[in-house]
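This report concerns only the one structure given below.
The values are calculated or read from the model by the stated rules, or taken from the named source; none is laboratory data. Bear in mind that the values here come from a model prediction, so they are computed numbers and not experimental data. As a convention, Cβ positions derive from the backbone with ideal geometry for all residues, glycine included, and neighbour counts pool all protein chains shown.
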Amino acid sequence: MEYYNTKKRYCPHQIQTKIRSVELFRQTHDVEYVIRKYHISKASLYRWNKQYDGTRKSLENKSHKPKTPHPNAHTEQELKWIKDYCRWNPNILVCELYGKLRV
């Protein structure tokens, strides 16, 4: 088993750990044994069990990126203005930049 840095608040589990824990749970139906053995939470085990369809891909992390841009996102023209202004004035503060571009 690969060791993680324990100073992190959250350590992601490996795919093998997820698969083995779900398969062991499906064989034994002993939740307490599985969560002690793999050092996982009960919620994680139930979530993985629900997601797992027998393929490795079903337990891989999925993107959290939204499919559509935010309605208030900058347009391409606005982004160009911001980049150009920052290039011309490299020492400008964010509040100054906001005030200049707002006019």
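Quick rundown of the values:
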quantity	calculated
Pairs where the first residue, in the stretch 38-55, is free of Cβ contacts under 8 Å to residues at least 24 places away in the same chain and the second is surrounded by 14 or more Cβ atoms within 10 Å (Cβ to Cβ) and of a type in the set (K, R), C-beta under 7 Å, 6+ apart	none
Condition check for D30: farther than 21 Å from P12 by Cβ, modelled with pLDDT of 90 or more and assigned by TED's automatic domain parsing to the domain that holds R102	no
Some residue of the stretch 85-100 being hydrophobic (A, V, I, L, M, F, W, C) and within 30 Å of H13 (Cα to Cα)	no
